[in-house]
């Protein structure tokens, strides 16, 4: 490696149009065609678009109606979440085989530290080419990725976000200022539309401009926390959330689902909440955890309601968790609005090894039931044995999400 | 038959199957490669394997093979616990 290389070096790998690309890799009939990914059949929101669809202006979050106006030949395909998870696990294995320290940032993004092994490659660009080649070999010839290489994770990610599809971008002293000056906030990790809008009031549209704004103006606009973070980011340094070490254990497990239409039927609302609770408990038990804070939220018709309860003892039984949250729903959900989005969560998680087993006969009985159901479902598949409450209900199965909320559960 | 996509000039068609199928393949270098499968009393030769994914249903290890045969794309599922094969779906261009 050349002498001018910085002390630390991060490589950011971002698979292009991940959900659509994996589907196109699987199905050659879809390659080269505009593909829009929807969550499942009958859904009307585009959750991902292929490279070809993006050229027509089809973007994530677009309604199907709007997408079809922009691209009349759009092919809609339901997402295949198990395939995406499998590809991410392979990507993780590949990254850890190349460098000693690699971390998945989301389902389709990884940070690799080249600092410790930079001497193994003639230059960073060669390493970028190698990883692109290995990804094609591992995931398929249709799968391309952007690679950004820089001193910090922030710059590496900005470089790959702003590069052309399949490009390798190295941020050097010369290109650093240009990158900071020209990258819009939508491509800057951590700067959301709210923060971006506040900065706009100061006339700031790029990170570099922040260096010229005095604290007297910046702090009242974005607050002391973001003023400090943005100041570091404007010099190309990593903000706190990119340097913070991930907690070894999960703090909470949650699950949300958006229904196909507004639901007014109390029976379906109850079944959906029970279904989500069963999934949360299955994951929590698999990780040998138990939690004390139970949360529930409902959303629909422009309204939102949520509540939580903190228990004395850790909860790890589906029925116990469900009774707590359903009690909240029955007693505190006054509006009773039609619901389209459901969510449940179990927080304040601790290891089961640190929790004392309860001696109440009813609790012991429930524990035996959970253990038996868990063993059968491990052998025959999730929900092979389930509560009668879910009879006649279209089952909701676990799905991996883009930002990898359940990374510990999935071994990522 | 279910049509998943039927608008514009493309008529990519998709059929959910979910039937048990017989698969013959080669086991070499610790890796199994399906070579042909029998579905509806007809042998389909696997021309290309486009994608392989290891997934789990609960703790049941499953491997998905997406294969091309005579221009159609088939998604095959192998249950590693009981060695059963299922044809999950077929895509063909109409």
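Whole number please: convex hull volume per residue, Cα atoms of the stretch A:253-390, in Å³.
Taking the convex hull of the Cα positions in the stretch A:253-390, it is 107 Å³ per residue.
Starting from the 7 Å offset along Cα-to-Cβ, what nm value, one decimal, do you get for the label separation of residue B:81 and residue A:268?
3.1
Other chains near B:58-67: what is the mean number of their Cβ atoms within 10 Å of each residue's Cβ?
Mean shielding by partner chains, rounded to a whole number: 5.
Taking beta carbons within 10 Å but only from partner chains, what does the mean come to for residues A:25-36?
5
Averaged over A:80-89, how many beta carbons belonging to a partner chain fall within 10 Å of each residue's beta carbon?
Counting other chains' Cβ atoms within 10 Å and averaging over A:80-89 gives 4.
For the stretch B:34-73 and the stretch A:229-295, write down the distance between their C-alpha centroids in whole Å.
If you average the Cα positions of each part, the centres end up 34 Å apart.
With r defined as the distance between the Cβ atoms of residue A:209 and residue B:41 and R0 fixed at 56 Å, what FRET efficiency is calculated, to the nearest 0.05?
0.20
Hey, with R₀ at 22 Å, roughly what FRET efficiency would residue A:341 and residue A:251 work out to, going by the Cβ-Cβ distance, to 0.05?
Here the calculated transfer efficiency is 0.50.
Given the options A:296, A:222, A:13, state which has the largest fluctuation in a GNM of chain A using a 10 Å cut-off (strictly under) for Cα springs.
So, out of A:296, A:222, A:13, the one fluctuating most is A:222.
Report the gain in length on full extension from residue A:327 to residue A:394: 0.36 nm times residue separation, minus Cα-Cα distance, nm rounded to one decimal.
Gain on stretching residue A:327 to residue A:394: 21.8 nm.
Based solely on its DSSP helices, what 222 nm [θ] is calculated for chain A when runs of n ≥ 4 H residues each add -39,500 (n - 2.57) and the sum is averaged over all residues, nearest 500 deg cm²/dmol?
Computed mean residue ellipticity for chain A: -12500 deg cm²/dmol.
Under a plain spin-label model, where a point goes 7 Å from the Cα along Cα-to-Cβ, how far apart in nm are residue A:353 and residue A:401?
Distance between the two pseudo-spin positions: 2.9 nm.
Among A:365, A:33, A:251, which one shows the biggest mean-square fluctuation in a GNM of chain A, springs joining Cα atoms closer than 10 Å?
A:365
Would you look at the GNM of chain A, springs on alpha carbons closer than 10 Å, and say which of A:239, A:338, A:122 moves the most?
So, out of A:239, A:338, A:122, the one fluctuating most is A:122.
Spin-label point model (7 Å from Cα, Cβ direction): what's the residue B:17 to residue A:241 distance in nm?
Result: 4.5 nm between the two label points.
Please list, by residue number, everything in the stretch A:257-272 whose backbone N is under 16 Å from a paramagnetic label point 7 Å out along Cα→Cβ of residue A:45.
A:257-263
Can you work out the FRET efficiency for the pair residue A:187 and residue A:60, with r the C-beta to C-beta distance and R0 = 25 Å, to the nearest 0.05?
0.95
Would chain A count as rounded, prolate or oblate if I go by the C-alpha gyration tensor, calling it rounded below 1.5 in a/c and otherwise prolate when a/b exceeds b/c, oblate otherwise?
Taking the square roots of the gyration eigenvalues as a ≥ b ≥ c, chain A is prolate.
Treating each Cα of the stretch B:12-93 as an identical point scatterer and ignoring solvent, apply the Debye formula and state log10 I(q)/I(0) at q = 0.20 Å⁻¹.
One equal scatterer on each Cα of the stretch B:12-93 leads to -0.90.
On a full-extension model of 0.36 nm per residue, what is the gain between residue A:116 and residue A:7, subtracting their alpha-carbon distance, rounded to one decimal in nm?
Result: 38.3 nm gained on full extension.
Taking a ≥ b ≥ c as the square roots of the eigenvalues of the Cα gyration tensor of the stretch A:1-125, is the shape rounded (a/c under 1.5), prolate (a/b larger than b/c) or oblate?
prolate
So how do A:318-324, A:57-63 stack up, highest first, on mean other-Cβ count within 10 Å?
The peptides rank, most packed first, as A:318-324, A:57-63.
Between the stretch A:71-103 and the stretch A:174-190, what is the separation of their alpha carbon centroids in Å?
Centre-to-centre distance over Cα atoms comes out at 26 Å.
Let a ≥ b ≥ c be the square roots of the eigenvalues of the Cα gyration tensor of the stretch A:66-184; is it rounded (a/c under 1.5), or, if not, prolate (a/b larger than b/c) or oblate?
It is oblate, given that a/c is not under 1.5 and a/b is not larger than b/c.
Here, each number is a calculation from the coordinates, and none is a lab measurement. Computed from a predicted structure; not experimentally measured. Counting neighbours? That spans all protein chains shown, and the Cβs are built from the backbone with ideal geometry, glycine included.
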